[in-house]
1. Looking at the stretch 147-165, which of its residues are open to solvent by 20 Å² or more (accessible area, probe 1.4 Å) and either in contact with a His (Cβ under 9 Å, 6 or more places away or on another chain) or under 30 Å from K4 (Cα atoms) (or both)?
2. As an exercise: evaluate F144 against (1) more than 12 Å from the ligand (Cβ to nearest atom); (2) within 17 Å of K3 (Cα to Cα) and give the number of the one condition it does not meet.
3. Name every residue in the stretch 26-65 that is charged (D, E, K, R), assigned to a helix (DSSP H, G or I) and within 16 Å of the ligand (Cβ to nearest atom), in order of residue number.
4. Every residue in the stretch 100-130 that is of a type in the set (D, E, K, R), touching an Asp or Glu at 6+ places or on another chain (Cβ under 7 Å) and open to solvent by less than 20 Å² (accessible area, probe 1.4 Å), please.
5. If you go through the stretch 96-141, how many residues are more than 9 Å from the ligand (Cβ to nearest atom), polar (S, T, N, Q) and outside any loop (DSSP other than H, G, I, E, B)?
6. Restricting to the stretch 1-23, what's the tally of residues that are buried (at least 24 other Cβ atoms within 10 Å of the Cβ), in a helix (DSSP H, G or I) and more than 10 Å from the ligand (Cβ to nearest atom)?
7. Considering only the stretch 192-218, state which residues are out of contact with any Lys or Arg (no Cβ under 7 Å at 6 or more places or on another chain), among the hydrophobic types (A, V, I, L, M, F, W, C) and assigned to a helix (DSSP H, G or I).
8. Name the residues in the stretch 171-191 that are more than 12 Å from the ligand (Cβ to nearest atom) and open to solvent by less than 50 Å² (accessible area, probe 1.4 Å), would you?
Amino acid sequence: MKKKFVIAVDGPAASGKSTTAKGLAKKLEYVYIDTGAMYRACGLYALNKNIPLSDLEALKSMLETIDIKIEYSNSGNKIFLNGEDVTNRIREEEITKISSEIAVIGIVRKKMVELQRKMGENGGVILDGRDIGTVVFPNADFKFFMSASVQVRATRRWEELKARGVEISYEEVEKELIWRDKNDSTREISPLRKADDAILIDTSNLSIEEQVEFLYNYIIENMEKK
Ligand code: DC
């Protein structure tokens, strides 16, 4: 692949977007940027510093000192928050919830979008998130929006958590997912939304390999037009 495209992959939680984006990045030898991990790192920072999300002044100073780095590697990216490896910590349930809560705050989004645009400015990147095709890179070369039914997504998330040894019921996972869908898609600033020109993919009956293959083939077939 000679051209260094910007590829946007958006969708709700557990829609398969991050695994697909990762697989596609490997195939194209592109950099994968998990923007959700950045909001997770913000949430963790606020929690560590005991900053209530209603305290905008404190959040503002927090954003001045926050340093989020992604270390790219084929075996999986690592996320560093002010020098500390928080890759595993940010996947914990309490961080999942606070990441969605902190992501509604304008000053937080402004800072993250700025960082994401910088990370992607030279192309050769795949970013996954909620607002990549609509806000972060509205002129992205390729835009995909992945979705699946709540039941399919909750089952995926539940199995993932069980495999990690987390004890949680299916019902609880489904409830959390429905809450997060609503919170992410009804917020005022940059809500989760399919860009008008994004390709919609329902992953309910697709394997990860099929998803990666679909995106890859679509890009190869349409790259000459870009
Ligand atoms: O993709 P994820 O589940 O790791 O994202 C965690 C939260 O971060 C998600 O509930 C909403 C927020 N988020 C966002 O608002 N915009 C993005 N581009 C990515 C994530």
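The values are calculated or read from the model by the stated rules, or taken from the named source; none is laboratory data. Remember, predicted model here, so these are calculated numbers, not experimental data. Note that each Cβ is placed from the backbone with ideal geometry, even for glycine, and that neighbours are counted across all protein chains shown. Ligands, DNA and RNA are excluded from the accessible area calculation, which covers all protein heavy atoms including side chains. Shrake-Rupley method; radii C 1.70, N 1.55, O 1.52, S 1.80 Å.
1. Here is the first cut: in the stretch 147-165, the residues open to solvent by 20 Å² or more (accessible area, probe 1.4 Å) are 147, 149-152, 155-160, 162-165.
S147 - this is the single residue of the stretch 147-165 that is open to solvent by 20 Å² or more (accessible area, probe 1.4 Å) and either in contact with a His (Cβ under 9 Å, 6 or more places away or on another chain) or under 30 Å from K4 (Cα atoms) (or both).
2. (2)
3. Step one: filter the stretch 26-65 for residues charged (D, E, K, R), giving 26-27, 29, 34, 40, 49, 55, 57, 60, 64.
Now restrict to residues that are assigned to a helix (DSSP H, G or I): 26-27, 40, 57, 60, 64.
Of everything in the stretch 26-65, just one residue is charged (D, E, K, R), assigned to a helix (DSSP H, G or I) and within 16 Å of the ligand (Cβ to nearest atom), namely R40.
4. Let us first name the residues in the stretch 100-130 that are of a type in the set (D, E, K, R), namely 101, 109-111, 114, 117-118, 121, 128, 130.
If we keep only those that are touching an Asp or Glu at 6+ places or on another chain (Cβ under 7 Å) too, we end up with 128, 130.
Across the stretch 100-130, the qualifying residue is only D128.
5. 1
6. The total comes to 2.
7. I208, F214, L215
8. Within the stretch 171-191, V173, E174 meet the criteria.
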